[in-house]
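The values are calculated or read from the model by the stated rules, or taken from the named source; none is laboratory data. These numbers were taken from a predicted model, which means no experiment stands behind them. Every residue, glycine among them, receives a Cβ derived from its backbone with ideal geometry; neighbour counts consider all protein chains shown. Heads up: the accessible areas ignore ligands, DNA and RNA and are worked out on the full protein's heavy atoms, side chains in. Shrake-Rupley method; radii C 1.70, N 1.55, O 1.52, S 1.80 Å.
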Amino acid sequence: MAKNSAAQILTVAGREVAISNPQKLLFPQAKLTKLDLVRYYVAVSEGALRGAGGRPNMLVRYPNGIEGEHFYQKRAPDSRPPWIEVVKLRFPSGRAAEEVVPRDAAALAWLANLACLELHPHPVRAEDLDHPDELRVDLDPVPGVTWKQIQQVTAVTRSVLDDFKLVGWPKTSGSRGMHICVRIQPRWSFDEVRLAALALAREVEQRAPKLATSKWWKEERHGVFVDYNQNAKDRTVAAAYSVRPKPNAPVSAPLSWDEVDRCEPGDFTLVSMPARFEKLGDLHAKIDEHAGSIEGLLELFERQGLGDAPWPPHYPRQSSEPPRVQPSKRKSKFPLIEIGRARRKEDAVAGVERWKSRHPEAAAHLQPADVLVDAMRGRYSTWTRTRINLQHVPEALRPPQEPLDPDEKIRSNS
């Protein structure tokens, strides 16, 4: 297959950056190319570096665009310019890797040339890898939740942060949810920051029990999940200004608090954000001036008296952690059946639609949140598992577990 075009050399931040196949389509529907991605990150580099700069970044690469396979790359490529900084991280698995630390717009352009659509920084600075300086609030809606409900939970979260003298900086996730970044003093360990985030999540749930949940297992969730585990070591989230792998190239957009109630997530894209940035500047420009303390949240965790909550898979079991078995298997509380497993999400979801066609009477009783689509992360890539919670289906109409469809044999470390 012929290459899209010859490499193009750009001068960015005083450095020459080679852009290979600059006209390669990364977003076919929006007709946006690799060169468009590079120019975007250069245009918003001041803000993007405030979110991801000076931090080790995991690379999430889409070499054939959003419709092709993507993969995770923790280790910096061996072939890289001498001015690309790296730092060695050690992970809970015991492994170590040198990850890229972008410091200027040239580094962002170089990452974009690798088809890294998203910026995925760790919540630590390269100078201190043991003490996070950011607590991350990830408001993740279950299927069927409206944007209005996410806005309401965002407001409740702000109220909790205010009560504990912490300053939150909201941004759209670039997908269906909302993020709130909270700068903190780099004095606490990852485990302590995660406990503070867990206390925060439980307090949000206590104040808005019909809107929000802190429950880890999907079958127990409702409304908006406050994902405290995004603060576990080795977890990363899309940074401010990060482009997301969706057809219209949405971006994670920093917001002012008065915009939260009137914005729509689709308003912010790779195409529209540069003009907004030029007009308004970086709305998170003062975030580093407001590093707070999590002592109050840690004290709240003790007062709540609920103990630890489940950790993500692949983490060493904690002494205070509850049983790491989902409720449906531990107590048969929820009638779950597994539908399929596939490397591509769309293939797994297609299996759900075939199941619904085979069982229309049962499917008619399902609510949106009853279809569980789980992104299962291996060492280098993700795969998708689909399940259905039959809790709203009358018992007489509940189909039994069937052979998986699709049933791709996937190893957990693939």
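Name the residue that is nearest to residue 170 (Cα to Cα), counting only residues in the range 297-310 that are modelled with pLDDT of 95 or more and surrounded by 15 or more Cβ atoms within 10 Å (Cβ to Cβ). Checking each candidate, the answer is 297. Can residue 136 be described as of a type outside the set (Ser, Thr, Tyr), open to solvent by 10 Å² or more (accessible area, probe 1.4 Å) and at pLDDT below 95? Against the criterion (of a type outside the set (Ser, Thr, Tyr), open to solvent by 10 Å² or more (accessible area, probe 1.4 Å) and at pLDDT below 95), residue 136 does not qualify.
Could you please let me know if residue 94 is crowded, with 17+ Cβ neighbours inside 10 Å and on the phi > 0 side of the Ramachandran plot? Considered against the rule, which asks whether it is crowded, with 17+ Cβ neighbours inside 10 Å and on the phi > 0 side of the Ramachandran plot, residue 94 comes out as no.
Among all residues of the range 266-288, there is at least one that is open to solvent by less than 60 Å² (accessible area, probe 1.4 Å), in contact with a Cys (Cβ under 8 Å, 6 or more places away or on another chain) and on the phi < 0 side of the Ramachandran plot. Does residue 49 satisfy being modelled with pLDDT of 95 or more and open to solvent by 20 Å² or more (accessible area, probe 1.4 Å)? The answer is yes for residue 49. When each of 210, 171, 165 is tested for being open to solvent by 50 Å² or more (accessible area, probe 1.4 Å) and closer than 20 Å to residue 291 by Cα, the lone residue that passes is 165.
Restricting the range 346-371 to residues that are part of a helix (DSSP H, G or I) and among the β-branched types (Val, Ile, Thr), the residue that is surrounded by the fewest Cβ atoms within 10 Å (Cβ to Cβ) is 349.
Among the residues of the range 174-200, those identified as crowded, with 21+ Cβ neighbours inside 10 Å, part of a helix (DSSP H, G or I) and in contact (Cβ under 8 Å) with a residue 60 or more places away in the chain are 193, 195, 196, 197, 198, 199, 200. Would it be correct to say that residue 56 is farther than 18 Å from residue 243 by Cβ and either crowded, with 20+ Cβ neighbours inside 10 Å or out of contact with any strand residue (DSSP E or B) (no Cβ under 6 Å at 6 or more places or on another chain) (or both)? Here the answer is yes, as residue 56 does meet what is asked. The set of residues from the range 62-84 being over 19 Å from residue 16 (Cα atoms) and surrounded by fewer than 13 Cβ atoms within 10 Å (Cβ to Cβ) comprises 68, 69.
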